Every structure is written in C-alpha cells, then in structure tokens.
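Below: the structure, in structure tokens.
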Amino acid sequence: MSEQQNGKASRVTSATRSTIARLARYTVVRLFTLFITVVIGVYLTILIANMGGFVDQIRRAQIREQVAMQLQNDPTFRSLPEEQRQQLLEARIRNEEKRLGLDKPFLVRSFSYLWDALTLNLGRAENMTSDSGSRQVRLIILERLPATLVLFGTAQVVLFALSLFIALHLSRNYGSWLDRLFVALSPLSSAPGWFYGLFLIIIFAAWLKWFPFGGMVSVPPPENPVQYALDVAYHMVLPLTALTLSSIFISVYSWRTFFLIFSSEDYVEMARAKGVAPRTLERRYILRPTLPTIITSFALGVIGVWMGAPIFETIFNWPGLGRVLYQAIQLFDTPVIVGSTVIFAYLLAITVFLLDIIYAIVDPRVDIGGGSRRA
C-alpha cells in the first residue's frame with residue numbers, strides 16, 4: 001500500500017513540475033513575442049512621426065530662424081562685416097543642431113529614440129507645454145490623463161452594463177419588436193462618436209441650449225467639490241451620449257447573437273428539460289461560455305480609455321489625451337506622439353498577456369501552453 005501511495009505521490013509531483021515548466025515556458029515565450037511586437041510598433045511610430053526626414057527639415061528651419069532673430073537683436077552682431085555675420089550665424093546654427101542631435105543621421109538617432117521610448121524616458125516636448133509650463137512629456141500626459149479616464153472610463157462602464165443587460169433581455173425575447181429594432185439599428189454604429197457629437201451639439205447646445213457646447217467644467221470652475229463634480233457630470237452628458245450611441249447597437253447585436261448561439265446548445269436544452277431555473281440556466285450555461293468574448297471586448301475598450309479619441313475630444317473641447325495627441329500631430333511634436341504611442345503599446349501588450357490568464361480562469365477548457373483545448 002505504501003509503495004502505491006509513494007508511486008501516486010511521485011506521479012502527482014511529476015505532473016505538477018511538468019505543468020509549472022510548461023507555464024513558465026509559455027510565459028517567457030509570450031512575453032518575448034509581445035515585447036518584440038511593442039518594439040516594432042514603437043520604432044515604426046518613430047519613423048512615421050519623423051515623416052521621412054521632413055520633421056528634421058522643419059526643426060532645422062526653426063533653429064535657423066530663432067538663431068537669426070537672436071543675433072539680429074544683438075548690436076555687436078549688426079556692427080560686424082557681412083562675411084563675419086554669416087560665419088557667426090552658421091556656427092551658432094551648427095552648435096544648436098549638435099546640441100539637439102541633428103548633426104547625426106536620423107537612422108542613428110532613431111535607435112536612440114527607440115531606447116529612450118522603451119525605457120519610458122520620454123524626454124521633453126519640442127513645442128507643447130503642460131498646464132504648469134513644463135515641457136516634460138511625462139507631465140503633459142499625466143496632466144491630461146484624468147480627463148480622458150473620467151469621460152471614456154465612464155462611457156465604457158455604462159456601455160458594458162447597458163449592452164450586457166439589453167443583450168440578455170433580447171436573447172430571452174428573440175423576435176420581439178425590440179429585438180428587431182436593435183437589429184435594424186445596428187448599422188448606425190458604423191458612424192464614429194464625433195459624428196453623433198456634432199448633431200447633439202447642434203440640437204441640445206445650439207438650438208435648445210440645454211447643455212454647454214464643450215469643455216470639462218465651467219469657467220470659472222465651482223470651488224465646492226460637490227458642485228464641481230456635478231458641473232463635470234453636466235458637461236459629460238453630451239459626449240457620454242455620443243459615445244454610447246456610436247457603440248451600443250452593434251455591441252448589443254453582437255452579444256445578443258452570442259447568447260442566442262449558446263442558448264441553442266444541446267447541454268442548455270438538456271438543462272432546460274431537467275427544470276433548471278431560467279436565471280441559473282442563463283448564468284451558468286449561457287453567460288459563462290461567452291465570458292471570454294465579453295472580457296476581450298471590455299478589456300480592449302478599457303485600453304482605448306488611455307488614448308482617448310483625438311477628433312472626439314477636439315469637437316467637445318475636452319482636455320484629454322486625445323486632444324493632446326491631435327495638437328502634437330499638428331505641431332509635429334514627435335516626443336509627445338511617440339510617448340503616447342509607447343504608453344498605449346505597453347498597455348495593449350499587458351492586456352493581451354493578462355487576457356490569456358483570465359481565459360484559463362473563466363474557461364476551464366483552455367490549456368495554457370498546451371497548444372490546444374482539453375476535451
């Protein structure tokens with residue numbers, strides 16, 4: 001008996017070690033592949049943000065203009081002969097370009113930019129400043145992050161709750177007039193949020209004058225914290241409605257379809273025949289198998305929260321990360337563009353990695369590192 005117990009314990013230990021080794025191998029490989037993806041994405045962003053060397057030409061022209069203006073205001077410089085003035089001007093320009101690294105080829109500098117970006121050394125913005133007057137890219141992003149999180153985070157939570165509730169209701173009442181209405185309105189989600197935002201501003205701000213045209217808070221802002229929060233909520237009504245309208249119909253239609261597919265499975269019919277309560281049937285046999293899809297949709301939506309929407313925030317004059325990115329593109333501010341992309345790339349990679357772990361938790365059929373599903 002003891003030999004059998006020892007043999008059984010040995011097999012269990014061996015299986016445990018094999019599982020740990022498989023998980024460790026999968027984790028290392030997965031993290032490495034995601035890191036390579038982030039590196040490629042960030043480097044392509046650096047190349048695109050420089051526009052094939054066009055941004056360097058703009059910076060050199062700005063340096064020449066600034067140095068020339070500074071020297072023209074110097075009486076000593078104006079008193080020099082023309083040839084000496086030109087030599088001094090060119091020398092100052094070369095020194096400034098060397099200070100900014102423009103004396104090196106862009107290909108060489110691109111790898112230095114890549115290393116700084118991957119190590120989150122985001123550096124200083126070229127043209128933009130934070131509200132406190134700093135040019136640190138980190139501060140520019142951190143100052144605008146709360147506004148984006150408040151608006152898009154709230155929108156994602158509201159959209160998730162409404163979509164789940166309505167989709168479950170429609171799956172119970174398949175073929176009803178409400179079900180047919182959402183199916184008919186699903187193409188409306190092809191329009192972006194800013195498209196609905198324009199109509200909402202025209203109707204409820206310009207015509208009816210019920211809500212403000214944009215902004216996050218009134219000017220001057222209320223001093224009382226409760227009044228300040230209510231004022232922010234009042235300014236969020238139109239943008240929140242626009243974001244919800246742009247996604248609610250297709251989200252409900254997609255989830256309702258998944259619920260209907262799983263509700264027709266044989267094991268659901270068998271449980272229904274055994275007399276399982278409808279709520280229990282819905283929670284255990286229909287909602288549980290669709291959790292990976294729902295979690296993926298919600299997680300990727302949350303990732304979008306960190307980036308905001310450039311056009312959307314510009315239309316509503318919302319001081320978030322999307323508007324910062326839009327301004328950076330207009331001003332050719334490469335550090336801010338790259339910094340925003342780096343943060344988004346890291347968050348996306350972390351989310352994808354965590355989703356694999358969450359899938360194994362919510363769906364026991366998933367075999368992490370095994371390359372297939374268990375029977």
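The values are calculated or read from the model by the stated rules, or taken from the named source; none is laboratory data. None of these values were measured; they are calculated from a predicted model. Reconstructed Cβ throughout: ideal geometry from the backbone, glycine too, with neighbour counts over all protein chains shown.
Quick look at the values:
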{"read-out": "Options 116, 131; residue that is free of Cβ contacts under 8 Å to residues at least 60 places away in the same chain, among the charged types (D, E, K, R) and outside any helix (DSSP H, G or I)", "value": "131"}
{"read-out": "Candidates 219, 232, 183, filtered to the one that is modelled with pLDDT of 85 or more and assigned by TED's automatic domain parsing to the domain that holds residue 153", "value": "232"}
{"read-out": "Helices (runs of 4 or more DSSP H) within the stretch 242-348 that include 3 or more residues surrounded by 15 or more Cβ atoms within 10 Å (Cβ to Cβ)", "value": "291-307, 310-315, 321-330"}
{"read-out": "Filter result (in contact with a helix residue (DSSP H, G or I) (Cβ under 9 Å, 6 or more places away or on another chain) and charged (D, E, K, R)) within the stretch 161-200", "value": "172, 179"}
{"read-out": "Pairs where the first residue, in the stretch 257-273, is closer than 10 Å to residue 285 by Cβ and the second is of a type in the set (Phe, Trp, Tyr), C-beta under 6 Å, 6+ apart", "value": "268/285; 271/285"}
{"read-out": "The lone exception for residue 107 - which of (1) closer than 24 Å to residue 43 by Cβ; (2) surrounded by 13 or more Cβ atoms within 10 Å (Cβ to Cβ); (3) assigned by TED's automatic domain parsing to the domain that holds residue 32 it fails", "value": "(2)"}
{"read-out": "Within the stretch 163-198, considering residues that are in contact with a Ser or Thr (Cβ under 8 Å, 6 or more places away or on another chain) and not in a helix (DSSP H, G or I), the one surrounded by the most Cβ atoms within 10 Å (Cβ to Cβ)", "value": "192"}
{"read-out": "Residue 188 being closer than 16 Å to residue 249 by Cβ, in contact (Cβ under 8 Å) with a residue 60 or more places away in the chain and either out of contact with any His (no Cβ under 8 Å at 6 or more places or on another chain) or not assigned by TED's automatic domain parsing to the domain that holds residue 241 (or both)", "value": "yes"}
{"read-out": "Hits in the stretch 199-222 (condition: assigned to a helix (DSSP H, G or I) and surrounded by 17 or more Cβ atoms within 10 Å (Cβ to Cβ))", "value": "200, 201, 204"}
{"read-out": "Any hit, the stretch 115-128, residues being outside the structural domain of residue 314 (by TED's automatic domain parsing), surrounded by fewer than 17 Cβ atoms within 10 Å (Cβ to Cβ) and in contact with a Lys or Arg (Cβ under 6 Å, 6 or more places away or on another chain)", "value": "yes"}
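Results for (1) within 24 Å of the chain's Cα centre (by Cα); (2) part of a helix (DSSP H, G or I), shown as yes or no for each residue.
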| site | (1), (2) |
| --- | --- |
| 95 | no, yes |
| 126 | yes, no |
| 139 | yes, yes |
| 150 | yes, yes |
| 158 | yes, yes |
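This table checks each residue for (1) outside any helix (DSSP H, G or I); (2) within 25 Å of the chain's Cα centre (by Cα); (3) at pLDDT below 80.
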| residue | (1), (2), (3) |
| --- | --- |
| 58 | no, no, yes |
| 86 | no, no, no |
| 104 | yes, no, yes |
| 110 | no, yes, no |
| 142 | no, yes, no |
| 154 | no, yes, no |
| 161 | no, yes, no |
